[in-house]
1. What is the spread of the Cα atoms of segment 229-305 along each of their three principal axes, largest first, in whole Å?
2. Counting Lys and Arg as +1 and Asp and Glu as -1, what is the net charge of the other residues whose Cβ lies under 12 Å from the Cβ of VAL70?
3. How big is the equivalent ellipsoid of segment 275-320 along its three axes, where each semi-axis is √(5λ) from the Cα gyration tensor, reported in whole Å from largest to smallest?
4. Give me the three principal axis extents of segment 117-175 from the C-alpha atoms, as integers in angstrom, largest value leading.
5. With the cut-off at 18 Å, report for segment 175-259 the share of all Cα pairs above it, as a whole percent.
6. Enumerate the lysines that LYS88 could reach by cross-link, defined here as Cα to Cα under 25 Å, with residues fewer than 8 away along the same chain left out.
7. Counting only Cα atoms, I'd like the Rg/Rh figure for segment 146-292, Kirkwood definition for Rh.
Amino acid sequence: MRLAHPRFAQQYRLNIGTIVESPLLKVRLVGAGRGPRSRTIGGRVLGEIDEGFASELAPGDTFIFAGQIVRMEGLAETELYVSRSNAKDAKVPSYPGGRFPLSTHLAARVRRMLANPASWHLLPPAVSNWLMAQQRVSLLPAADEVLVETFPRSGRHYLTIYPFEGRIAHQTLGMLLTRRLHRAGALPLGFVATDYALSVWAARDIARMLETGELSLADLFAEDMLGDDLDAWLAETSLMKRTFRACAVIAGLVERRHPGKRKNGRQLTVSSDLIYDVLRRHDSHHILLEAAYQDASTGLLDIGRLAAFLARIKGRIRHSPLKRVSPLAVPLIVELGRESVHGASAEALLREAAEMLIAEALDAEPVEPESLEAG
């Protein structure tokens with residue numbers, strides 16, 4: 001084999017590379033129901049948002065942006081269309097740089113530490129006191145178990161899980177759990193995930209549904225969650241398209257640079273989206289589609305770790321029905337309002353909320369702010 005013309009070698013050198021920058025999307029404010037298929041788009045630009053967060057959204061999801069709550073109407077090319085919303089439970093935009101890594105080895109050590117009260121004296125006093133309070137109010141699972149708590153608060157019903165598997169795996173688990181809870185009729189309203197736990201809140205009493213047998217924790221956390229539920233969720237979001245674009249660029253199917261010219265993000269997105277739609281329709285097992293799925297599974301969804309978690313907890317789920325929030329759940333409840341605080345000091349309001357939650361969990365008097373800061 002030989003090159004037909006030297007310019008092909010030049011073109012190859014210009015585009016070869018495995019590092020693909022993550023672009024930002026313009027957030028455009030439109031009227032309700034006016035997504036990318038609407039003939040009248042218009043609307044002013046509110047700003048830019050990380051594409052990684054936008055690709056996880058489905059039409060109808062709400063999130064906080066530019067000091068207001070907006071509802072996703074659709075995503076097309078390099079623009080995210082949103083409308084104003086009055087929803088109370090909005091997601092908080094997240095960015096890759098803000099994700100604190102939690103390795104599998106560290107997570108296993110944390111689970112063993114929590115399950116061994118004899119080692120708590122080695123921890124800082126604030127931490128050991130916090131764990132003892134959790135043991136009094138609720139329970140702590142063994143190292144190979146997972147704790148699931150249910151409790152009501154402020155008109156909502158919470159289902160809180162403590163997998164200790166990292167934020168990415170928890171976010172994926174939260175998205176899949178809300179789908180299953182919706183099918184079960186629990187009317188889920190949203191979820192929040194941290195590196196250590198996640199909490200789903202719903203309009204119906206989840207504890208009551210578990211008690212009457214209307215809902216089963218074994219079925220809720222069954223391993224087939226990563227089958228049809230995952231495929232359906234991926235089909236609803238634009239995550240696969242965005243992942244495929246990176247694969248197409250690396251493979252040379254879409255070229256970023258030409259001599260003296262460079263394609264912008266919009267042009268790359270249009271080209272890769274067209275190719276993606278054609279391959280999905282006519283060659284669903286194309287190697288680049290499989291590569292995109294593998295990239296999404298490992299980098300954006302952490303499917304492997306989530307699958308190992310579901311296999312590990314099979315038959316080892318401990319349910320603790322509570323009448324109020326537990327100490328371990330306090331950081332999750334406080335996280336719900338972290339981005340929606342306006343005017344007054346967010347730090348002061350969060351400290352006040354934590355004091356009330358701790359006092360409520362322990363049936364004690366409110367703690368002093370100084371002791372909370374020391375912890």
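1. So the three principal-axis extents are 45, 28, 20 Å.
2. Numbers: positive: ARG28, ARG71, ARG84, LYS91; negative: ASP61, GLU73.
Neighbourhood net charge equals +2.
3. Working: eigenvalues 223, 22, 14 Å².
Rounded to whole Å, the semi-axes are 33, 10, 8.
4. Answer, in whole Å and largest first: 37, 28, 19 Å.
5. On the way: 2095 of 3570 pairs.
Taking all Cα-Cα pairs of segment 175-259, the fraction more than 18 Å apart is 59 percent.
6. Hits, sequence-local ones excluded: LYS26, LYS323.
7. Details: Rg = 20.1 Å, Rh = 17.8 Å.
Reported Rg/Rh (Cα atoms, Kirkwood Rh): 1.13.
Just so you know, all these numbers are worked out from the coordinates, no wet-lab data involved. Given the structure is predicted, the values throughout are model-derived calculations rather than measurements. Neighbour counts run over all protein chains shown; Cβ positions are idealised from the backbone, glycine included.
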